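Chemist: I am attaching a structure below and will ask some questions about it afterwards.
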Amino acid sequence: DKLTPERKDKVFDFIFDKVLRTAAGTRSKALRSLIPAHPAKLATVKKLGGTFQYRNPDLVKSRKWLKKNCLCADNIKGGHSTIPNAGRGAFATRNIAKDSVIAPAPLLHIP
């Protein structure tokens, strides 16, 4: 912490531009895309748990959003049929009421 903010920025830029390019070679562009452009953002990356969540903040949804926009699909599971030569299929994990949605999926009707 003895470095001034300006000096920290220069050290970060040196590591970001020179060291990473030399060490990673052809993969340096991909690695650079994971690192924030400013060193002050590194604490945020650490707090969020990594660069994936930092770069894709909308992929992790809250429970409130999930309750409003999603349906739970824990009522079925994939597996092998006990019917000879039937292969694989979806099987109920609990009783399912008549006329209820079993697995929401978009369908394309082809006449």
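The values are calculated or read from the model by the stated rules, or taken from the named source; none is laboratory data. Being a predicted model, the structure only gives us computed values, none of them experimental. Using ideal geometry, Cβ is built from the backbone for each residue, glycine included, and neighbour counts are taken over all protein chains shown. Areas reflect the complete protein model, heavy atoms only, side chains present, ligands, DNA and RNA absent. Shrake-Rupley method; radii C 1.70, N 1.55, O 1.52, S 1.80 Å.
Chemist: Could you tell me the calculated FRET efficiency between Leu3 and Phe52, based on Cβ-Cβ distance and R0 = 30 angstrom, to the nearest 0.05? Display every interim value, and only then the final one.
Modeler: On the way: r = 29 Å, r/R0 = 0.96.
Taking R0 as 30 Å, the efficiency between Leu3 and Phe52 is 0.55.
Chemist: To continue, here is another question. Using a ≥ b ≥ c from the Cα gyration tensor of the stretch 1-57 (square roots of the eigenvalues), is it rounded, prolate or oblate, where a/c under 1.5 gives rounded and otherwise the larger of a/b and b/c decides, a/b for prolate?
Modeler: Details: a/c = 2.78, a/b = 1.05, b/c = 2.64.
It comes out oblate by the Cα gyration axes.
Chemist: In nanometres, what is the gap between the two model label sites at Thr26 and Ser100, each 7 Å from Cα along Cα-to-Cβ?
Modeler: 5.4
Chemist: Of the heavy-atom accessible surface of the chain (probe 1.4 angstrom), what whole percent is carbon and sulfur?
Modeler: Values: 6010 of 10120 Å².
C and S fraction of accessible area: 59 percent.
Chemist: So with the 1.4 Å probe, I'd like the accessible area per residue for the chain, rounded to whole Å².
Modeler: On the way: 10120 Å² over 111 residues.
It amounts to 91 Å² per residue over the chain.
Chemist: Quick one: length gained pulling Asp13 to Val60 fully straight, 0.36 nm per residue minus the C-alpha distance?
Modeler: Full-extension gain reported as 13.9 nm.
Chemist: A further question follows. What are the extents of the Cα atoms of the chain along their three principal axes, listed from largest to smallest and rounded to whole Å?
Modeler: Result for the chain: principal-axis Cα extents of 69, 35, 32 Å.
Chemist: By per-residue mean of other Cβ atoms within 10 Å, what is the highest-first order of 40-46, 57-63?
Modeler: Numbers: 40-46: 12.4, 57-63: 8.4.
Going from most to least packed, we get 40-46, 57-63.
Chemist: Which cross-chain or sequence-distant (5 or more) residues have an amide H under 5 Å from the amide H of Ile76, H modelled 1.01 Å from N in plane?
Modeler: HN-HN under 5 Å from Ile76: Thr93.
Chemist: Okay, moving on. Could you state the number of Å between the C-alpha centres of the stretch 1-38 and the stretch 64-111?
Modeler: One Cα centre to the other: 48 Å.
Chemist: Which of rounded, prolate or oblate describes the stretch 66-111 when judged by the alpha-carbon gyration tensor and an a/c cut-off of 1.5? Numbers along the way, then the final one.
Modeler: On the way: a/c = 2.15, a/b = 1.34, b/c = 1.61.
Here the stretch 66-111 falls in the oblate category.
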